[in-house]
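Have a look at the structure below before the remarks.
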Amino acid sequence: DLTGRDLKTNATIIDGGWDGNSTDTNYRLFVIQKGTWVFDGLTFQNVRYSGKASGSAIQVIKSDGVTIKDCSFTNCVNANTSYSGGALRIDTDNTVDMISCTFTQNSAQNGGAIYVAGNLNAVSCDFSKNTATASGGAILADAAAVVKLDKCEFTQNAANGELSGNGGGAICLES
């Protein structure tokens, strides 16, 4: 039973080791290709990925369901300008349920924190200071995506709209 644990005192931190300046760190932490996954009470931080894929902390390619609860994503960067999702990418035909998560200072070309092509259900999540050089400062949702947000907060997220002109400081919904 994990309900009585103190996440601040007993934190589980997954640190990619990126110092914010160098360009040599090139890690993606989790690539989900099958099964049911639960991430609970984790901190993902200082992750930089510039390979040929999206989502520096987690990419959901194929799954039977993913739950992300009480997790934080900070300083996760997708440095490849051809791909999206600074911290998280949800591919088509996948569902991710998020509860009480925080996304802070993540960045990518599109979807500074999250790129969604599948389904995202987020409850009580906070998105702060995430940036996209093109669209969706916090979230970019593909035209086929289904995004449900309940009691989520968006603060100081930004999208420059330089490449596609779409912008969407907090959320961009593609058509």
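The values are calculated or read from the model by the stated rules, or taken from the named source; none is laboratory data. Note that the structure is a prediction, hence the values are computed from the model and not measured. With ideal geometry, Cβ positions are generated from the backbone for all residues, glycine too; neighbour counts draw on all protein chains shown. In case anyone asks, the SASA skips ligands and DNA or RNA and just uses the protein heavy atoms, side chains included. Shrake-Rupley method; radii C 1.70, N 1.55, O 1.52, S 1.80 Å.
Just the number please: accessible area per residue for the range 31-123, 1.4 Å probe, all protein chains included, in Å².
Value returned for the range 31-123: 34 Å² of accessible area per residue.
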**OP:** Would you mind getting me the FRET efficiency between residue 155 and residue 43? Use the beta-carbon distance for r and R0 = 25 Å, nearest 0.05.
**Re:** 0.85
Original post:
What dipole magnitude, in Debye to the nearest 20, does the range 114-171 give about its Cα centre under +1 on Lys/Arg Cβ and -1 on Asp/Glu Cβ?
Top reply: 60
**OP:** State, in angstrom, two size descriptors of the range 83-175 derived from its alpha carbons: Rg to one decimal place and Dmax to the nearest whole number.
**Re:** 11.4, 32
Original post:
Ignoring ligands, DNA and RNA, what percent of the accessible area of the range 44-163 is carbon or sulfur (1.4 Å)?
Top reply: 41
**OP:** Rank by packing, highest mean first: peptides 86-96, 57-67, 110-120, with packing defined as the count of other Cβ atoms within 10 Å averaged across residues.
**Re:** 110-120, 86-96, 57-67
